[in-house]
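Scroll down for the structure; my scribbles are underneath it.
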Amino acid sequence: MIDRNRLKDICLEAGQIAMRQWPGAGHAVESWHKGDESPVCAADLEVDAFLKVELGRLLPAAGWLSEETADDPARLQRDLIWVVDPIDGTRDYLRGRTGWAVSVGLISAGRPLIGLLVAPARDEVWTATAGTGARLNGVDISASTRRVFPGARVPADSLAPEDADLTLVEKPNSIALRIAMVADNRADLVATLRWGSEWDVAAATLIAREAGARVTDAFGNALAYNKPDPRAFGLLVTAPAIHAAAVERLADRARALS
């Protein structure tokens, strides 16, 4: 059995490592762009290195997949694997905004087993273990139960004309935190129509599912983890009753873009 208290302490310390360089607290952090033009900073790498060591000590049998570590195909031979985004929402982090989180998921046989999101700038710690529900700061949470698609709350900057019947709500840069908003009934729908990586969503999708949300790819298919190519096209996290309507709404766009 994994020491859950130690796991939480490790993730909390990772959050504090990030906070000690967060521009929103008046600190300076070195940053640059990767080859795909996505931003990365010194705090990303420091948190990543800390988690790799400490999570490795906690569960030596587990493999490793992280946004900021070169992928090692040896992970495919492991039944257990840590899937980590050391700072999800780096753009908000660098702008001094609060919409970022440390994301840590433990995958077992291709499915999320444990998920933690630590958002220290928001004083939020999200946790879930498969089959036991989801919690925010230790309190049980329940996902949106919206039954009608028009008017659904979406964390986004803007809406396409064909989605004008939806309702905009706050959008943190972290996709993990946007997913968590559905888990905590702050939003009804999160959808992406692009290729995304397992480390972006491994922890948050478990939290949403354990809170009662429906979680699939953009076509309504189940997500899988620790794949040779750790990507999937699109993500759909919704109140259960509006999931079919969301798949139908996005179908043509998803086919065109995939």
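The values are calculated or read from the model by the stated rules, or taken from the named source; none is laboratory data. Remember, it's a predicted structure, so these values are computed and weren't measured experimentally. Backbone-built Cβ (ideal geometry, glycine too); neighbour counts: all protein chains shown. Protein only, heavy atoms only, side chains kept; ligands, DNA and RNA dropped before computing areas. Shrake-Rupley method; radii C 1.70, N 1.55, O 1.52, S 1.80 Å.
Structure above, values below:
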| quantity | calculated |
| --- | --- |
| Test for Gly212: is it within 22 Å of Ile17 (Cβ to Cβ) and not charged (D, E, K, R) | no |
| Per-region count, region 136-164, residues under 19 Å from the mean Cα position of the chain (by Cα) and open to solvent by 70 Å² or more (accessible area, probe 1.4 Å) | 4 |
| Where Thr132 falls short, out of the listed (1) open to solvent by 20 Å² or more (accessible area, probe 1.4 Å); (2) outside any loop (DSSP other than H, G, I, E, B); (3) of a type in the set (Ser, Thr, Tyr) | (2) |
| Complete set of residues in region 189-232 that are over 16 Å from the mean Cα position of the chain (by Cα) and either acidic (Asp, Glu) or closer than 19 Å to Glu170 by Cβ (or both) | Asp229 |
| Pairs with Cβ under 9 Å, 6+ apart, first in region 155-167 and at pLDDT 95 or above, second part of a loop (DSSP other than H, G, I, E, B) and aromatic (Phe, Trp, Tyr) | Asp165/Phe149; Leu166/Phe149 |
| Residues within region 25-72 that are within 21 Å of Gly110 (Cα to Cα), buried (at least 16 other Cβ atoms within 10 Å of the Cβ) and small (Gly, Ala, Ser), tallied | 3 |
| Counted residues, region 8-24 - those being open to solvent by less than 40 Å² (accessible area, probe 1.4 Å) and touching a strand residue (DSSP E or B) at 6+ places or on another chain (Cβ under 7 Å) | 4 |
| Members of region 26-58 found to be among the aliphatic types (A, V, I, L, M), over 19 Å from Leu117 (Cα atoms) and in contact with a helix residue (DSSP H, G or I) (Cβ under 6 Å, 6 or more places away or on another chain), listed by number | Val29 |
| Test set (1) over 30 Å from Asp48 (Cα atoms); (2) open to solvent by 10 Å² or more (accessible area, probe 1.4 Å); (3) of a type in the set (Val, Ile, Thr) - Val215 fails condition number | (1) |
| Residue ID - surrounded by the most Cβ atoms within 10 Å (Cβ to Cβ), chosen from residues in region 73-122 that are closer than 20 Å to Asp3 by Cα, of a type in the set (Gly, Ala, Ser) and in contact with a strand residue (DSSP E or B) (Cβ under 8 Å, 6 or more places away or on another chain) | Ser103 |
